[in-house]
Amino acid sequence: MGKSASEFQAVQIAVMTVSDRRDASNDTSGDYLRAAAAEAGHAVVDHAIVPENLYRIRATVSRWIASDDVQVVIINGGTGFNLKNSTPEALLPLFDREIDGFGELFRMISYEEIGGSTLQSRAVAGLANGTLILAVPGSTSACRTAWERIIVDQLDARTAPCNFVSHLKKR
């Protein structure tokens with residue numbers, strides 16, 4: 001993978017865990033994403049644990065989209081095929097542009113790890129008001145796969161031939 005910009009540019013990230021069972025004491029996926037983002041040099045400016053409720057998810061993400069302080073939202077959970085899983089339905093109406101390749105690439109990579117079960121992953125991504133929104137499954141291993149194999153490079157302005165940093169709202 002090539003590099004484009006000459007120097008790293010930290011971005012401001014909010015992390016959401018969508019779950020009816022997680023709280024601050026057992027949010028291993030949210031903890032992982034916040035730690036990985038900070039270790040990569042980014043600023044985690046907010047985080048939330050939101051129940052599996054389409055409107056609560058949408059309301060929190062909408063607040064972050066409208067904020068000048070949040071450039072990237074990373075969501076874990078609510079992307080499966082269970083009837084309660086509604087993260088994609090909450091997000092899709094908010095997107096100005098959907099990033100189809102994100103879900104496609106996540107499922108391709110995930111296939112190497114879990115085989116055909118990846119069919120039930122509804123990972124999605126999009127841009128809204130200059131905010132990059134990425135939604136991945138809630139397991140810590142899925143978060144690690146998404147972060148290490150896709151997200152970390154796309155949040156690095158040095159990644160060539162392209163990355164999402166130039167598309168983000170300016171701080």
By accessible area of protein heavy atoms, probe 1.4 Å, what ranking do Arg63, Arg107 get, highest first?
Arg63, Arg107
Suppose the chain between Met108 and Ala35 were pulled fully straight at 0.36 nm per residue; how much longer would it get relative to their current alpha carbon spacing?
23.8 nm
According to a simple spin-label model (label point 7 Å from Cα along Cα-to-Cβ), what is the distance in nm between Arg144 and Asp68?
4.0 nm
Tell me the trypsin sites (Lys or Arg not before Pro) within the range 9-55 that lie in a loop according to DSSP and have at most 14 other beta-carbon atoms within 10 Å.
Arg21
Leaving out ligands and nucleic acids, and using a 1.4 Å probe, what accessible area per residue does the chain come to in Å²?
49 Å²
Given a 1.4 Å probe and every protein chain left where it sits, what share in percent of the accessible area of the chain is carbon and sulfur?
51 percent
Can you pull out the chymotrypsin sites (Phe, Trp or Tyr not before Pro) in the range 61-143 whose DSSP state is coil and whose Cβ has at most 12 other Cβ atoms within 10 Å?
Phe81
If you restrict to DSSP beta bridges whose two residues both lie in the range 12-160, what percentage is antiparallel, to the nearest 5?
30 percent
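The values are calculated or read from the model by the stated rules, or taken from the named source; none is laboratory data. Given the structure is predicted, the values throughout are model-derived calculations rather than measurements. Here the Cβ is made from the backbone with ideal geometry for all residues, glycine too, and neighbour counts use every protein chain on show. Side chains are part of the model used for accessible areas, which takes the heavy atoms of the whole protein and leaves out ligands, DNA and RNA. Shrake-Rupley method; radii C 1.70, N 1.55, O 1.52, S 1.80 Å.
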